[in-house]
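To keep things clear, I will list the structure first and then write my remarks on it.
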Amino acid sequence: MSADVRRYEDDDLEAINEILATTSPWTAYEERYRLEVADVADDDLLVVATVDDTVAGFAWTVPNGAFDRSGYLKLIGVAEDAQGQGIGSALLDHAERFVSTETTSDELFLLVSDFNEAAQAFYRHRGYDRVGQLEGYVQPGIDEYVFRKSLHDS
């Protein structure tokens, strides 16, 4: 499956929120996540991956969202029926390229829920290292692992 990655358009919001409502890890949380256009700052990068003109995934990257100096992958999601087909990799490639070429940072941080072992394996395979743990950060009883990748070495 070949995906095209492009900047977000207003018409994509419903599809993004459908992914947030129906896929892990967000379905495991008590609070339901919804993306609002007002949440995305002008210098953030919000992209979607489309297959046959249908949104199959999205990624939201904040240029200095980690410690006010490093790139932060705030959200990434791929529709259930599109997982395992390279869409997450295409979105992550886009996020990494954005941070390494359009910002002053050479590293990207992200959080992964402790129960999301598939995502942890995916990021490790992509060269990310687990560098910390935030206990109950999003929801009590669920820890978030902090992952980091130096983009200078990639």
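The values are calculated or read from the model by the stated rules, or taken from the named source; none is laboratory data. Note that this is a predicted model, so its numbers are computed, not measured. A quick note on method: Cβ atoms are made from the backbone with ideal geometry, for glycine too, and the neighbour counts reach across all protein chains shown.
Descriptive notes on the structure:
- Members of the range 42-81 found to be among the small types (G, A, S) and either surrounded by fewer than 12 Cβ atoms within 10 Å (Cβ to Cβ) or closer than 17 Å to E107 by Cα (or both), listed by number: A59, G65, A66, S70, G71
Results for (1) within 13 Å of the chain's Cα centre (by Cα); (2) basic (K, R); (3) assigned to a strand (DSSP E or B), shown as yes or no for each residue.
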residue: V5; (1), (2), (3): no, no, yes
residue: I19; (1), (2), (3): yes, no, no
residue: R34; (1), (2), (3): no, yes, no
residue: A41; (1), (2), (3): no, no, no
residue: T50; (1), (2), (3): no, no, yes
residue: F58; (1), (2), (3): yes, no, yes
residue: V62; (1), (2), (3): yes, no, yes
residue: D68; (1), (2), (3): no, no, no
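- Flag for G136 being surrounded by 13 or more Cβ atoms within 10 Å (Cβ to Cβ), at positive phi and of a type outside the set (A, V, I, L, M): no
- Qualifying residue in the range 81-90 (condition: on the phi > 0 side of the Ramachandran plot and either touching a residue at least 40 places away in the same chain (Cβ under 8 Å) or among the aromatic types (F, W, Y) (or both)): yes
- Pairs with Cβ under 7 Å, 6+ apart, first in the range 7-31 and at negative phi and without any contact (Cβ under 8 Å) to a residue 24 or more places away in the chain, second buried (at least 17 other Cβ atoms within 10 Å of the Cβ) and among the hydrophobic types (A, V, I, L, M, F, W, C): N17/L35
- Qualifying residue in the range 132-148 (condition: more than 17 Å from T23 (Cα to Cα), without any contact (Cβ under 8 Å) to a residue 24 or more places away in the chain and assigned to a helix (DSSP H, G or I)): no
- The listed residues are G65, G88, G77, G71, and the only one of them that is farther than 18 Å from Y33 by Cβ and small (G, A, S) turns out to be G71.
- Filter result for L92 (at pLDDT 95 or above, outside any strand (DSSP E or B) and crowded, with 16+ Cβ neighbours inside 10 Å): yes
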